[in-house]
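Just so it is clear, none of the values below were taken in a lab; they were calculated from the coordinates. If you're wondering where the values come from, they're calculated on a predicted model, not measured in any experiment. Ideal geometry is used to build each Cβ from the backbone, glycine not excepted, and the neighbour counts take in all protein chains shown.
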Amino acid sequence: MNCNQWTDKSNTFTLGPLEAGPACCDLQPAIQVTDLSLLYNGKAALEKVTLDIYQGCITALIGPSGCGKTSFLSAINRLTDLIPGCSIVGKILVNNQDIHHPDTHTQTLRRQVGMVFQKPTPFPLSIRRNLSLPLNEHGITQKTEVAAIIEQVLRDVGLWDEVHDRLDASALSLSGGQQQRLCIARALALKPQILLMDEPCSALDPIASGVVEDLICRLRGRYTIVIVTHNLAQARRIANYAAFFWISGHAG
C-alpha cells in the first residue's frame, strides 16, 4: 500500500509529518508470551499460547471469531483484571518485565501499552478534553505542555487541520473515521511504546479505513503495533508479521 494513497490535497483527509522513528522490525521482542492460558469463569478462551512480538513491527492477529484474539490483546495490558471471573496462567513479558509481578503498577503498564478498540470510543466531552483528560490523570497538568501534546498528536493522526478551530466542540460531532483517529491520538498522547488495536477499521467506511491504515503504516518503527483484523488483505498490506489463531476444542 502506498502510504500517500489516501492523502487528499483538499485537506479533507491529511496526515501530518511524523517524527522519524527507529528502523522497523528490530528483531528484539517487545512482548514475550509463554504458555498463556486465559479462562472466563473456568472456561478456557486461550490455551497455552506462546508468541514473540517484535519491537517496531506491526503484527496482525488473524483467525475466526471466538478464537481469543481480543482476549489476547486485553491480557497484554491487563484489561482482563477488570473482568470478573477472568483468570490467567502463563507469563507475559513487556520489555522484559513480567506484567503480573507484584511490583508492576497497572497504570504505568497501561501508559506504556495503549489500546484502540473496535468501535470509536470518544468520551462525550470536547475534542480537547478527550485528549487532556488522560494526560491530567497521569499527572500532566501544565497548560502549555498539554496544549503542545494535543497539537502534536492531532497532527500525527491528520486531524489538526480538520479540527484546530473547533477543539471545544463535542467529539461526538466528528465523523466515524475522525472519531477513530481521535481515539488513536488519545492513545498516543501518553507516549506509549506499544499500541494494541482491536479491529480499528471494522466500523469505518472504505475511505476512512484507508486513512486509518495509512496512519498505522506511518507509525511503524515508532511504535510496536499489534492489530486484530478479519481482513486478510489489510493484514497483508500493513503487517510485518501475522499470528494465526484457531479454535481447538473450545479454546483459542
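So how do H101, H138 line up by other beta-carbon neighbours within 10 Å, fewest first?
Fewest-to-most Cβ neighbours within 10 Å comes out as H101, H138.
So in the chain, what percent of DSSP beta bridges are antiparallel if you round to the nearest 5?
Bridges in the chain that DSSP calls antiparallel: roughly 55 percent.
What's the angle, to the nearest 10 degrees (0 to 90), between helix 176-188's Cα axis and the longest principal axis of the chain?
70
Could you put D168, D214 in order, starting from the residue whose Cβ has the fewest other Cβ atoms within 10 Å?
Ranked by crowding around the Cβ, least crowded first: D168, D214.
Just grab the label-to-label distance for L125 and E151, each label 7 Å out from Cα along the Cβ direction, in nm (one decimal).
Going from the L125 label point to the E151 one covers 2.1 nm.
Whole Å is fine, so just give me how far the alpha carbon centre of the range 115-145 lies from that of the range 190-216.
17
Looking only at the range 168-192, which residues have a backbone nitrogen under 19 Å from a spot 7 Å from the Cα of T141 in the C-beta direction?
Under 19 Å, as judged by backbone N against the label point of T141, lie 190 of the range 168-192.
Run the reach check for K69 against aspartates and glutamates, Cα to Cα strictly under 17 Å, same-chain hits fewer than 8 apart removed. What comes back?
Counting by Cα, and skipping residues close in sequence, K69 has these aspartates and glutamates nearby: D35, E47, D52, D81, D198, E199.
Helix 206-219 against the longest principal axis of the chain: what's the angle in degrees, Cα atoms only, rounded to the nearest 10?
It is inclined by approximately 80 degrees.
Check cross-link reach from K91 to the lysines: straight Cα distance under 16 Å, and skip same-chain residues fewer than eight apart.
The qualifying lysines are K48.
Could you line up W160, W246 from fewest to most neighbouring Cβ atoms inside 10 Å?
Ranked by crowding around the Cβ, least crowded first: W246, W160.
Could you pull out which residues in the range 108-137 have an amide N less than 16 Å from a spot 7 Å beyond the Cα of Q193, following the Cα-Cβ vector?
From the range 108-137, the list is 108-115.
Note the listed values [x] 18.7; [y] 19.2; [z] 18.2, then indicate which one is Kirkwood radius over Cα pairs in Å calculated from this particular structure.
[x]
Taking the Cβ-Cβ separation of K43 and Q107 as r and a Förster radius of 22 Å, what is the calculated FRET efficiency to the nearest 0.05?
0.15
Relative to the longest principal axis of the C-alpha atoms of the chain, give the angle of the C-alpha long axis of helix 127-137, reported between 0 and 90° and rounded to the nearest 10°.
Tilt of helix 127-137: around 50 degrees.
Starting from 0.36 nm per residue, how many nanometres of slack lie between Q28 and L133 once their C-alpha separation is accounted for?
That pair, Q28 and L133, stretches by 34.5 nm at full extension.
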